[in-house]
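Okay, so here's the structure we're looking at.
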Amino acid sequence: MIGETKLAQDFWELGRCPECPIYDMHGHMGVWHSIYFPRADTADMIRTMDECGVRVLLFSHHMALFAPDLGNTLAVEAVRRYPDRLRAYCAVNPNYPELLDADLAALDADPHHPLIPDVYLGLKFLADYHGIALSDERYRPAWQYADEHELLVLAHTWGGSPFDGPSVVRAMAEAYPRVKLLLGHSCHGEWDAAVQLARDFANIYLELTAVFDDRGVLEKLVREAGSDRLLFGTDLPWFDPHQAIGALLSAEISDEDRHNICHRNAERLLAPFLGMSGV
Amino acid sequence: MDETQLLLVEELPVRFFDCNVFWGLPIKRSLSTISTVDMLLGEMDRAGIQKALVWHIAQHDASPQMGNRLLAEGIQGHSRLVGCWTLLPNQGHEFPALPTFFADMKRARVGALRVFPNSHRFLANAVSMGDWFEQMVERRVPLFVSVRRGMEWRDVYALLAEFPDLVCVICDHGCWGMDRLFRPLLERYAHVYVDTSQYLLDGGLEALVADYGSARLLFGSGFPESYFGGMMLALRHARIPGEAKVAIAGGNLERILEEESL
């Protein structure tokens, strides 16, 4: 077994732990061109969440990120179908500023301004894939909107990237201090830089999708950035949450750290929205 | 599969025999280093891994000959560890002749071989290593090829086209969804296996078992670069019958090693 505590025993025996619900802060949904997904549809994802004890998934739909013709429509449909389990990030593709304008106008038009709390809890940036740096002028309206309304922004970040590497992230964190900036993949590979960003900016959180597979990194991030700055994520339907949980249980960190990562930090971040949306 | 079948897993003894583990100091310092066999065995105990097919990182980073020696010395006296040596083309007579090599393997309790063609600058094909691969087919000696470290997909395809009966384990195939690359090989070649390290795909284990049966998957962790527990927990809670979990966790690897004759 991969641990002796009750937390580990519960996950090992049951696959989930009632005292340690999981908030998966980085998911997707639907088919995508480069990967075969056996469980890409919404109902399958919900079943996986049930089996792994994932209470809520925040996601951006693959089509919202990769098919400008469809935009965020499929994400909205999915959240409406499972309002107690799903919330979306409004995906931003800066190659189409007119779509961003329309999305932001729709958000502003909603009576629950500054965001539609029963669908979106923030914005999603995927700069590496869209080929436009987070610091580019075309992202500015989205940054400004998120800053003005103190929204979550989940940004894909990757070590060495000229689009969303640590130096670009630093410039954006300095420019938009009221954004709650979640670094998707924690600037993967540039772990020291990720730690430094978390230390330098109180509004930065390190999100752990694809980090769980790199043994030793969890311990480093907990030790140097603090477990109160880390968030659970899986890219679901990409990665099996049980794999991530198994890694979390294997890491030489405390159960308090695991609680922080799985739910406490997310609960704190989402509190302003959870109260409004009834999740 | 109904819920009754799923419950069977609790009644079956799942013993983990990890097919993809190394130790030793890499040329570049890593956060995940396991420098000694004692450390490795300690980590296996902590995780609940009964046995492991292991190699030494020097086999890749420094020299197959020296790494193979370090491996043999390291596993000596440790029955939970079975060795996996590294092979090179032998035109330069860097290894003993074939019968001697296989006898050395047996004496050192080495049950499998690896090649790192990109890193070690050769092509793993009939021209370079035909005599070796023919013997491996005949003796059913498994060859491990790592996509992460040293062998590209096109070369794996080419190798298997030349040696369709080779017992070949494709490991470290990457977490970014490689089904479209390894599934054709599973369909075409009866002795191809994939390991689970980096197979993080949600529902991937279940889909593979449904399409190809449980005999084609080997539990591998990728330790020390990955945690033992990640794929252990994924396998434990996969929606597949208990017998399939037992097979994947270690039964398949035991069978493969039993079938070889050195």
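Data table
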| read-out | value |
| --- | --- |
| Residue, surrounded by the fewest Cβ atoms within 10 Å (Cβ to Cβ), within the stretch B:205-225, restricted to residues that are touching a residue at least 60 places away in the same chain (Cβ under 8 Å) and of a type outside the set (Asp, Glu) | B:Pro224 |
| Filter result (within 14 Å of chain B (Cβ to nearest Cβ) and not in a helix (DSSP H, G or I)) within the stretch A:226-272 | A:Phe232, A:Gly233, A:Thr234, A:Asp235, A:Leu236, A:Pro237, A:Trp238, A:Phe239, A:Asp240, A:Ala251, A:Glu252, A:Ile253 |
| Of all residues in the stretch A:52-75 being more than 15 Å from A:Thr42 (Cα to Cα) and within 14 Å of chain B (Cβ to nearest Cβ), the one that is surrounded by the fewest Cβ atoms within 10 Å (Cβ to Cβ) | A:Gly53 |
| Enumeration of residues in the stretch A:94-130 that are surrounded by fewer than 14 Cβ atoms within 10 Å (Cβ to Cβ) and either at pLDDT 95 or above or within 13 Å of A:Gly71 (Cα to Cα) (or both) | A:Asn95, A:Glu98, A:Asp101, A:Ala102, A:Tyr129 |
| Residue in the stretch B:166-184 that is nearest to the other protein chains (Cβ to nearest Cβ), counting only those that are surrounded by fewer than 19 Cβ atoms within 10 Å (Cβ to Cβ) and among the hydrophobic types (A, V, I, L, M, F, W, C) | B:Trp176 |
| Complete set of residues in the stretch B:42-86 that are without any contact (Cβ under 8 Å) to a residue 60 or more places away in the chain, in contact with a strand residue (DSSP E or B) (Cβ under 8 Å, 6 or more places away or on another chain) and assigned to a helix (DSSP H, G or I) | B:Gln59, B:Pro64, B:Gly67, B:Asn68, B:Leu70, B:Leu71, B:Ala72, B:Gly74, B:Ile75 |
| Filtered residues of the stretch B:133-149 (kept if touching a helix residue (DSSP H, G or I) at 6+ places or on another chain (Cβ under 8 Å) and surrounded by fewer than 22 Cβ atoms within 10 Å (Cβ to Cβ)) | B:Gln135, B:Arg139, B:Arg140, B:Val147, B:Arg149 |
| Total residues in the stretch B:224-252, condition within 7 Å of chain A (Cβ to nearest Cβ) and either part of a loop (DSSP other than H, G, I, E, B) or closer than 15 Å to B:Leu53 by Cα (or both) | 6 |
| Inter-residue pairs, beta-carbon under 7 Å, first touching a residue at least 40 places away in the same chain (Cβ under 8 Å) and in the stretch B:231-245, second surrounded by fewer than 23 Cβ atoms within 10 Å (Cβ to Cβ) and of a type in the set (S, T, N, Q), 6+ apart | B:Ile240/B:Ser214; B:Pro241/B:Gln5 |
| Odd one out for A:Leu7, checked against (1) more than 9 Å from chain B (Cβ to nearest Cβ); (2) in contact with a Leu (Cβ under 7 Å, 6 or more places away or on another chain); (3) not β-branched (Val, Ile, Thr) | (2) |
| Filter result for A:Asp50 (free of Cβ contacts under 8 Å to residues at least 60 places away in the same chain and farther than 23 Å from A:Asn265 by Cα) | no |
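Here is a yes/no grid of residues against (1) assigned to a strand (DSSP E or B); (2) more than 30 Å from A:His185 (Cα to Cα):
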| residue | (1), (2) |
| --- | --- |
| B:Ala161 | no, yes |
| B:Val169 | yes, no |
| B:Cys175 | no, no |
| B:Arg180 | no, no |
| B:Leu186 | no, yes |
| B:Gln198 | no, no |
| B:Ala207 | no, no |
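The values are calculated or read from the model by the stated rules, or taken from the named source; none is laboratory data. Everything numeric in this text was worked out from a predicted model, so none of it was measured. Heads up, the Cβs are rebuilt from the backbone with ideal geometry, glycines too, and the neighbour counts pull from every protein chain shown.
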